1. Roughly how tilted is helix 65-82, in degrees to the nearest 10 and between 0 and 90, from the longest Cα axis of the chain?
2. Taking springs between alpha-carbon atoms closer than 10 angstrom, which of MET21, MET45, MET77 fluctuates most in the Gaussian network model of the chain?
3. Output the 0 to 90 degree angle, nearest 10, between the alpha-carbon long axis of helix 2-33 and the longest principal axis computed from the alpha carbons of the chain.
4. Students often get this wrong, so try it: which of (1) 31, 29, 26; (2) 61, 47, 15; (3) 50, 23, 17 is Cα extents along the principal axes in Å as calculated from the structure shown?
5. How big is the charge dipole of the chain about its Cα centre, in debye rounded to the nearest 20, if each Lys and Arg gets +1 on its Cβ and each Asp and Glu gets -1 on its Cβ?
6. How much accessible area does ASP35 have with a 1.4 Å probe, in Å² rounded to the nearest 10?
7. In the range 1-89, if the dipole is taken from +1 on Lys/Arg beta carbons and -1 on Asp/Glu beta carbons about the Cα centre, which of LEU52, VAL68, LEU20 is farthest to the positive end?
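The values are calculated or read from the model by the stated rules, or taken from the named source; none is laboratory data. Please read these numbers as outputs of a predicted model, since none were measured by experiment. FYI the Cβ positions are ideal-geometry reconstructions off the backbone, even for glycines, and counts take in every protein chain you see. Ligands, DNA and RNA are excluded from the accessible area calculation, which covers all protein heavy atoms including side chains. Shrake-Rupley method; radii C 1.70, N 1.55, O 1.52, S 1.80 Å.
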Amino acid sequence: MAAITTSVLLMRWPLVSAVLMFLASTLNIQFRKSDYTFFAIVSSMLGIASALWFATGLLGLEWADFPVIWASFKDIMIEISSHAPPEWPMVLT
């Protein structure tokens, strides 16, 4: 019984986001058929947001991780650009 309870607690948020993705997709199709462009765009945004929520949940990312990831990305890009030749990028005239 404890295993079932634990699995339900661990899978709760991915299941909710998967259901949201399905509902957003279904609503998007219905709104496009009915020519409700604004609502189709809103449902698409809801689907994208729930897909991102699902992916970050699977990867185990939290809000506190994003500044660390961005700082690491920025440091790596600065390091890469410091090794570029001085004439790069070339200006074509």
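1. So the helix axis and the longest Cα principal axis differ by about 20 degrees.
2. In the Gaussian network model the winner is MET77.
3. 80 degrees
4. (2)
5. 500 debye
6. Using a 1.4 Å probe on the heavy atoms, I get roughly 130 Å².
7. LEU20
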